[in-house]
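S.K.: Sharing a structure below in structure tokens format, with a few things to ask.
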Amino acid sequence: MTDPHVQIDRLVKTYAGASKPSVDNISVSLPRGEMLALLGPSGCGKTTVLRMIAGLIAPTSGAILINGRDISAVPVYKRNMGMVFQAYALFPHMSIAENISFGLEMRGIPKAETEVRVRRALDLVKLSGLGERRVGQLSGGQQQRAAIARSLVIEPELLLLDEPLSNLDAKLRDEMRDEIRDIQERTGVTTIFVTHDQDEALSMADRLAVLSQGRLEQIGTPREIFDRPQTDFVASFIGAGNIVVGNVVEPGVADIQGLGRLQFVGGGRAGIPIRLMVRPHRFVLTNVAGNGVNHFSGIVEHIVYRGEIVTLTARSGAAVLKADLPTHAGKLPEKGSRVTLAVAPEDVTVIGDDSQ
Amino acid sequence: MSEGFAPPVDKVPRGLLLLLLVPGLFALVVTFLLPILWLFRASFATSAVKALSGSDWSLEAYREVLLDTFYWQVAWNTLILGVSVAAIAVILSFPIALFLVRTQSRWQGVLTALAVAPLLTSSVVRTYGWMVLLGDRGVINSTLQAMSLTSGPIRLANSSFGATVALVEILMPYAILAMLSGFGRLNAQLEEAATVLGANRFRVFSRIILPLSLPGVLTAALLVFVLAISAYVTPRLIGGGRVFVLGTEVFNEATVTLNWPLAAALSMLLLVLFSSVIVIYQRALRALDT
């Protein structure tokens, strides 16, 4: 294992007058070249973490280490960070090229080199030839590209993106998502971005750090976060889920109160309580009538046809199950009809540490 | 059916729409345009009586104004007073306006109101206030003498120094107001962006704050300049007859020596001075914008 490029060590931020910390003891480390998403609902402290890394907010305690060196005492303007603000923060009194060369000018880079690097940065974000434009003459997507070029041209230690896609319309968002990922891979810059959008985080990041109320809930690859959530919060914040509680009756089988028996992959000692989750889209319809292990019969209470899938809720015993089922041209379940939903044991997610 | 609805604007006959302009236009013509035209006419008369009857045309008043170095001196004094008052008022108001725009304090509204509150007092009263401070036996001079720092009074009032000080203070609220409305492009995030890109405080100020606040600064400077060169009360009162600016001279010629043509010609000079400054200014502002 090589040394991590960035290490965030027990970072805490308590704002003056606040009763509890906005960022509470967060530790994360990133290898060089990784793209990490800080994901969480608004007010979870993710932007505060980002701003502390940039140096715009001073941490209450904890350290931020880059290449093993604590940068807490380094002033913002000497940190060499590339930051893209949510509203881009392009300088309105300068042309796009002047915006991009600003950081180079601050570093005293000679004119000739600046010109070459600005042109290369414009090429990188596909804005070639638009350097002389004013900020107001660019579309939202182009402004974001310019903001990315401006932060990358200085060859920053880290690229920090604050809600990078939130100001774009839906179509542009998909395009920029791939674009940002592509630019990041080509430049190899270690990147941290903040988002409240799970799709954005899952599709762009190498790893996700899920935050809630200032605390780090879980950190892991998109698949780990999605399929092995450690906490109820992660399970319910990332994607929809049917979360159930029960007791292990034998290793790999749990008895769920009011529902029935659920087989899952993993161990567990008999008698211990366990929390399990089934993602709605992992249910399938089965023809086997009645209840059994991993299949549950219920009455459809609510159904929404959404083209590719139907989303239904079915009451089975005391439980209400949510299922997303693929549509087909044949007969689909209707409201009030009886259905049996089945799930494969490997599609049952154990919430929490599954090493027990 | 449709009596309750006004027809769309483009269906209203043009003549009817123009009617809307009539009251304002009428007031402007009667109270501004006609007097200016009359003033223009009067500046070509030879005496107050002839100016009233409008019976003669002469360049006498202009000859007097343009050939007499005294009036050139007066015009020059006025320009210097205007420029220095504008410069000092803007320099002093800039930090205040910057603070008021950027502060996160919940007292922001109260502080802004306080900054412009002096406008509620007449400039005559405020000028007298300055006379109390700056006069030969005023607060400053008596303090200095009591401390034996000076033997006799230093001339603070009755001089262009006093007029400048008083005008700066009187006109600062206007400068602050003009700047507050002109600082719309300032934005804390732009400063953060510049800092992250490697700009220290000085460079953030010179490269971001200053250029973005320039339109507001220039508007404020123009406003103060125009108000200063047309000021009469303050230079007259605090100048004690020793400060000669166009405002005081126009008043003097019109009411003391009753040389109306000369007063009118001086007014025209003031008007030309005004308008040329405004034209140059707007050119400069436009150049900044592009």
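The values are calculated or read from the model by the stated rules, or taken from the named source; none is laboratory data. What you are looking at is a predicted structure, and each value in this text was computed from that prediction instead of being measured. Cβ atoms come from the backbone with ideal geometry, glycine included; neighbour counts cover every protein chain shown. Areas reflect the complete protein model, heavy atoms only, side chains present, ligands, DNA and RNA absent. Shrake-Rupley method; radii C 1.70, N 1.55, O 1.52, S 1.80 Å.
S.K.: Is it true that some residue in the stretch B:278-289 is under 30 Å from B:Gly129 (Cβ atoms), part of a helix (DSSP H, G or I) and out of contact with any Cys (no Cβ under 6 Å at 6 or more places or on another chain)?
M.R.: No, the conditions are met nowhere in the stretch B:278-289.
S.K.: Here is a check on your reading of the model: is A:Arg223 of a type in the set (D, E, K, R) and either farther than 29 Å from A:Ala87 by Cα or at pLDDT 90 or above (or both)? Can you show your working first?
M.R.: On the way: of a type in the set (D, E, K, R): yes; either farther than 29 Å from A:Ala87 by Cα or at pLDDT 90 or above (or both): yes.
Yes.
S.K.: Could you tell me how many of the residues in the stretch B:40-62 are open to solvent by 30 Å² or more (accessible area, probe 1.4 Å) and closer than 13 Å to B:Ala263 by Cα?
M.R.: Count: 7.
S.K.: Identify, by number, the condition in (1) farther than 22 Å from B:Thr248 by Cα; (2) open to solvent by 60 Å² or more (accessible area, probe 1.4 Å); (3) of a type in the set (Phe, Trp, Tyr) that B:Phe94 doesn't meet.
M.R.: (2)
S.K.: So, one more: What helices (runs of 4 or more DSSP H) lie completely within the stretch B:22-74 and have 2 or more residues being under 14 Å from B:Leu269 (Cβ atoms), out of contact with any strand residue (DSSP E or B) (no Cβ under 9 Å at 6 or more places or on another chain) and of a type in the set (A, V, I, L, M)?
M.R.: Details: elements: B:22-28, B:34-42, B:48-53, B:60-67.
Output list reads B:34-42, B:60-67.
S.K.: Suppose the filter is over 22 Å from B:Gly162 (Cα atoms), open to solvent by less than 30 Å² (accessible area, probe 1.4 Å) and among the small types (Gly, Ala, Ser); does B:Ala89 pass it? Show your work before the answer.
M.R.: Numbers: over 22 Å from B:Gly162 (Cα atoms): no; open to solvent by less than 30 Å² (accessible area, probe 1.4 Å): yes; among the small types (Gly, Ala, Ser): yes.
Judged against the criteria, B:Ala89 is not a match.
S.K.: Which one of the conditions (1) open to solvent by 50 Å² or more (accessible area, probe 1.4 Å); (2) farther than 30 Å from B:Ala166 by Cβ; (3) out of contact with any helix residue (DSSP H, G or I) (no Cβ under 6 Å at 6 or more places or on another chain) does B:Gln73 fail to meet, given that it meets all the rest?
M.R.: (2)
S.K.: Of all residues in the stretch A:127-139, how many are away from chain B (no Cβ under 14 Å) and surrounded by 13 or more Cβ atoms within 10 Å (Cβ to Cβ)? Steps first, answer last, please.
M.R.: First pass over the stretch A:127-139, keeping only residues away from chain B (no Cβ under 14 Å): A:127-131, A:138-139.
From the residues that got through so far, the ones that are surrounded by 13 or more Cβ atoms within 10 Å (Cβ to Cβ) too are A:127, A:130-131, A:138.
Total satisfying the criteria: 4.
S.K.: Does the stretch A:138-174 hold any residues that are in contact (Cβ under 8 Å) with a residue 60 or more places away in the chain and either outside any loop (DSSP other than H, G, I, E, B) or of a type in the set (A, V, I, L, M, F, W, C) (or both), and which are they?
M.R.: Result: A:Gln144, A:Ala147, A:Ile148, A:Arg150, A:Ser151, A:Leu152, A:Ile154, A:Leu158, A:Leu159, A:Leu160, A:Leu161, A:Asp162.
S.K.: Scan the stretch B:218-227 and give yes if some residue there is over 17 Å from B:Leu285 (Cα atoms) and assigned by TED's automatic domain parsing to the domain that holds B:Thr78, otherwise no. Before you say what the answer is, go through the steps one by one.
M.R.: Initial filter on the stretch B:218-227 (over 17 Å from B:Leu285 (Cα atoms)): B:227.
Next, from what is left, pick out any that are assigned by TED's automatic domain parsing to the domain that holds B:Thr78: B:227.
Within the stretch B:218-227, one or more residues are over 17 Å from B:Leu285 (Cα atoms) and assigned by TED's automatic domain parsing to the domain that holds B:Thr78.
S.K.: Out of (1) within 22 Å of A:Arg228 (Cα to Cα); (2) among the small types (Gly, Ala, Ser); (3) open to solvent by 10 Å² or more (accessible area, probe 1.4 Å), the odd one out for A:Gly290 is which?
M.R.: Failing condition for A:Gly290: (1).
S.K.: Name the single residue, out of those in the stretch A:200-235 being in a helix (DSSP H, G or I) and in contact with an Asp or Glu (Cβ under 6 Å, 6 or more places away or on another chain), that is nearest to A:Arg279 (Cα to Cα).
M.R.: From the stretch A:200-235, those in a helix (DSSP H, G or I) are A:200-204, A:222-227, A:232-235; that's our starting set.
Next cut, in contact with an Asp or Glu (Cβ under 6 Å, 6 or more places away or on another chain) only: A:233-234.
On the way: A:Phe233: 14, A:Val234: 13 Å.
Restricting to residues being in a helix (DSSP H, G or I) and in contact with an Asp or Glu (Cβ under 6 Å, 6 or more places away or on another chain), the top hit is A:Val234.
S.K.: Restricting attention to the stretch B:127-184, which residues are in a loop (DSSP other than H, G, I, E, B) and acidic (Asp, Glu)?
M.R.: Restricting attention to the stretch B:127-184, the residues satisfying the condition of being in a loop (DSSP other than H, G, I, E, B) are B:135-138, B:147-159, B:183-184.
Residue satisfying the conditions is B:Asp136 alone.
S.K.: Also, quick follow-up: Among what's in the stretch B:164-191 and is open to solvent by 40 Å² or more (accessible area, probe 1.4 Å) and within 10 Å of chain A (Cβ to nearest Cβ), pick the residue that is modelled with the lowest pLDDT.
M.R.: The extreme case among them is B:Arg185.
S.K.: Same structure, new question: What's the total number of residues in the stretch A:238-287 that are surrounded by fewer than 20 Cβ atoms within 10 Å (Cβ to Cβ) and β-branched (Val, Ile, Thr)?
M.R.: Looking only at that region, the number is 9.
S.K.: Got at least one residue in the stretch A:175-197 being in a strand (DSSP E or B) and open to solvent by 10 Å² or more (accessible area, probe 1.4 Å)? Don't jump to the end; show me each part of the working.
M.R.: From the stretch A:175-197, those in a strand (DSSP E or B) are A:191-195; that's our starting set.
Right, trim to open to solvent by 10 Å² or more (accessible area, probe 1.4 Å) and you get none.
Taking every residue of the stretch A:175-197 in turn, none turns out to be in a strand (DSSP E or B) and open to solvent by 10 Å² or more (accessible area, probe 1.4 Å).
S.K.: Considering B:Leu212, B:Leu223, which residue is in contact (Cβ under 8 Å) with a residue 24 or more places away in the chain, of a type in the set (A, V, I, L, M, F, W, C) and open to solvent by 50 Å² or more (accessible area, probe 1.4 Å)?
M.R.: None of the others qualify; the one that does is B:Leu223.
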